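J.: Next up is a structure, given as structure tokens.
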Ligand code: PHE
């Protein structure tokens, strides 16, 4: 019996030490200490022993049980540590590896310049207004003092959708929408897409962008118009920019003017960009026509206003020296990446 116990102990130790995972270890636990395990069997057979041997064998068996348990526990610890090591090895991060570079997105040049222009006007207390691109004839023409037979309609090459609906040819209809909705003081700019039936070339596109401006209040004068637009030009182009106003005609402003700035390329000396004139036209403007105020239920005896409209695409191409408008709309990443 004693021999049998010693044998069990030896084998158990050997087998447990050679276990490499928890599952094997559990098998050994069952094999030696389980209900039908080897040690349990021996203890069960104790009844057949002579009485004087029982205590000795009993004590021995208990010692062995404890020893096997300790053996199992330390094997368990060893295996756990080992598994942890393997796991950490697998999860190891090599911080010296070069990172994956993410391609950087960027703003479209039109967005960059639009944001710049908006910031100037927001700084002057203007709010941003928006209007629909599919517009009613009333807002795009009629209310802007351009009746059905007016020659100004011919110059606009309108895309008509029905007799009364069209793609807006200018952002000026937003003036009407704002004046019909709000009462003075009004101080807004309205950027957006406009459409004219032009064929595409280096300087023409059937879709382009305008930024409209409108100020209506008591006692607004042409001096305010010049002051605001002059400040705007200096903010956008730098303080040494020169500007001039030329008389012009728009049906919805009276008087009307076009504003030129000294050429940003040649600083006014004359070059290809400015057609040797030294000047670049950047916007149309004028005092809101009294008839337009009336149509919007604003009394022209009490209120006056000025309006302006500029071409964002032209300002952007001038600013960056882009010689072909089409580049702005083709979305060639090699071009866009340069801004
Ligand atoms: N809407 C005019 C155009 O497209 C520009 C303009 C706007 C002129 C506001 C005067 C006042 O040419």
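Nothing in this text is a laboratory measurement; each read-out follows from the coordinates by a stated rule. Quick caveat: nothing in here was measured; it's all calculated off a predicted structure. Positions of Cβ are generated from backbone atoms using ideal geometry, with glycine treated the same way; all protein chains shown enter the neighbour counts.
J.: Quick check: pseudo-label points 7 Å beyond the Cα along Cα→Cβ at residue 128 and residue 66, how many nm apart are they?
T.: Label at residue 128, label at residue 66, 8.1 nm between them.
J.: Viscosity 1.567 mPa s, temperature 4 °C: give me the Stokes-Einstein translational D for segment 285-339 in µm²/s, with Rh taken as the Kirkwood radius over C-alpha pairs. Working shown, then result.
T.: Details: Rh = 14.4 Å.
It diffuses with D of about 90 µm²/s by this estimate.
J.: Multiply the residue gap between residue 119 and residue 181 by 0.36 nm, knock off their C-alpha separation, and tell me the result in nm, one decimal place.
T.: On the way: separation 62, 0.36 × 62 = 22.32 nm, distance 2.42 nm.
19.9 nm is the gain from fully extending residue 119 to residue 181.
J.: Dividing the convex hull volume of the Cα atoms of segment 221-339 by its residue count, what figure in Å³ per residue is obtained?
T.: Numbers: hull volume 15.9 nm³, N = 119.
Convex hull of Cα atoms, per residue: 133 Å³.
J.: Top mean-square fluctuation among 312, 280, 49, Gaussian network model of the chain, C-alpha springs under 10 Å?
T.: Taking springs between Cα atoms under 10 Å, the residue moving most is 49.
J.: Now for a separate question. If every alpha-carbon in the chain counts as one equal scatterer, what log10 I(q)/I(0) does Debye give at q = 0.09, 0.11, 0.12, 0.15 1/Å?
T.: -0.60, -0.81, -0.91, -1.22
J.: If the label point is 7 Å along Cα→Cβ of residue 319, which residues in segment 169-184 have backbone nitrogen under 15 Å from it?
T.: Within reach of a label on residue 319, which here means backbone N under 15 Å from a point 7 Å along Cα→Cβ, segment 169-184 contributes nothing.
J.: From the Cα trace of segment 58-129, what convex hull volume per residue do you get, rounded to a whole Å³?
T.: Details: hull volume 17.4 nm³, N = 72.
Considering the Cα atoms of segment 58-129, their hull volume per residue is 242 Å³.
J.: A further question follows. For the pair residue 100 and residue 7, what calculated FRET efficiency results from E = 1/(1 + (r/R0)^6), where r is the Cβ-Cβ distance and R0 = 45 Å, to the nearest 0.05? Walk me through the intermediate numbers first.
T.: Details: r = 61 Å, r/R0 = 1.35.
The calculated FRET efficiency here is 0.15.
J.: Here's another thing I want to ask about it. Could you work out the relative contact order of segment 222-268? I mean the mean sequence separation of Cα pairs under 8 Å and 6+ apart, divided by the number of residues, in percent. Display every interim value, and only then the final one.
T.: Details: 40 pairs, mean separation 13.2, N = 47.
In percent, rounded to a whole number, it is 28.
J.: Between residue 330 and residue 112, what is 0.36 nm times their sequence separation minus the Cα-Cα distance? Round to one decimal in nm. Please report the intermediate quantities before stating the final value.
T.: On the way: separation 218, 0.36 × 218 = 78.48 nm, distance 1.69 nm.
Difference between extended and current length: 76.8 nm.
J.: What percent antiparallel are the DSSP beta bridges of the chain, to the nearest 5? It would help to have the intermediate numbers written out before the result.
T.: Details: 43 of 45 bridges.
Roughly 95 percent of the beta bridges in the chain run antiparallel, per DSSP.
J.: May I ask you to compute the full-extension gain from residue 26 to residue 152, defined as 0.36 nm times their residue separation minus their alpha-carbon distance, rounded to one decimal in nm? Walk me through the numbers before you get to the answer.
T.: Details: separation 126, 0.36 × 126 = 45.36 nm, distance 9.46 nm.
Here the segment from residue 26 to residue 152 would lengthen by 35.9 nm.
J.: Follow-up question, since we're still on this one. Can you give me the angle between helix 22-33 and the longest principal axis of the chain, using Cα atoms only, in degrees from 0 to 90, rounded to the nearest 10?
T.: It works out to around 30 degrees.
J.: Also, I was wondering about something else. Given all pairs of different Cα atoms, what value in angstroms does the Kirkwood hydrodynamic radius of segment 201-245 take?
T.: Working: mean 1/r = 0.0761 Å⁻¹.
With all distinct Cα pairs of segment 201-245 included, I get 13.1 Å.
J.: Which of the peptides 325-332, 172-179, 202-209 is most tightly packed, and how do the rest follow, going by the mean number of other Cβ atoms within 10 Å of each residue? Walk me through the intermediate numbers first.
T.: Working: 325-332: 14.0, 172-179: 24.8, 202-209: 15.6.
The densest-packed peptide leads the list: 172-179, 202-209, 325-332.
J.: A follow-up question, please. So what's the angle, to the nearest 10 degrees on a 0 to 90 scale, between helix 54-91 and the longest Cα principal axis of the chain?
T.: It is inclined by approximately 20 degrees.
J.: Treating the angle as unsigned and between 0 and 90°, give the value, to the nearest 10°, between the Cα long axis of helix 2-17 and the longest Cα principal axis of the chain.
T.: So the helix axis and the longest Cα principal axis differ by about 20 degrees.
J.: For segment 183-286, state what percent of all Cα-Cα pairs lands in each successive 10 Å bin, counting from 0 Å until the bin that includes the largest distance.
T.: The distribution over segment 183-286 is 13, 36, 38, 12, 1, given as percents.
J.: Using a Förster distance of 35 Å, how high is the FRET efficiency between residue 244 and residue 162, based on the Cβ-Cβ distance and rounded to 0.05? Display every interim value, and only then the final one.
T.: Numbers: r = 42 Å, r/R0 = 1.20.
In this case the efficiency is close to 0.25.
J.: Taking all pairs of distinct Cα atoms, average 1/r, flip it, and tell me the Kirkwood hydrodynamic radius of segment 88-188 in Å to one decimal place.
T.: On the way: mean 1/r = 0.0558 Å⁻¹.
Mean inverse Cα-Cα distance, inverted, gives 17.9 Å.
J.: Can you tell which of 90, 127, 187 shows the greatest fluctuation in a Gaussian network model of the chain with Cα springs below 10 Å?
T.: Most flexible of the set in this elastic network: 90.
J.: Rounded to whole Å, give me the distance from the Cα center of segment 271-306 to that of segment 178-254.
T.: Taking the Cα centre of segment 178-254 as reference, the centre of segment 271-306 is 7 Å away.
J.: At 222 nm, what helix-only mean residue ellipticity would the chain give, in deg cm²/dmol to the nearest 500, using -39500 (n - 2.57) for each DSSP H run of four or more? Before the final figure, lay out each step's value.
T.: Numbers: 12 runs with 140 residues, N = 339.
Result for the chain, helices only: -12500 deg cm²/dmol.
J.: Now for a separate question. Mind checking which of 287, 102, 259 has the largest fluctuation in a GNM of the chain, springs on alpha carbons under 10 Å?
T.: 102
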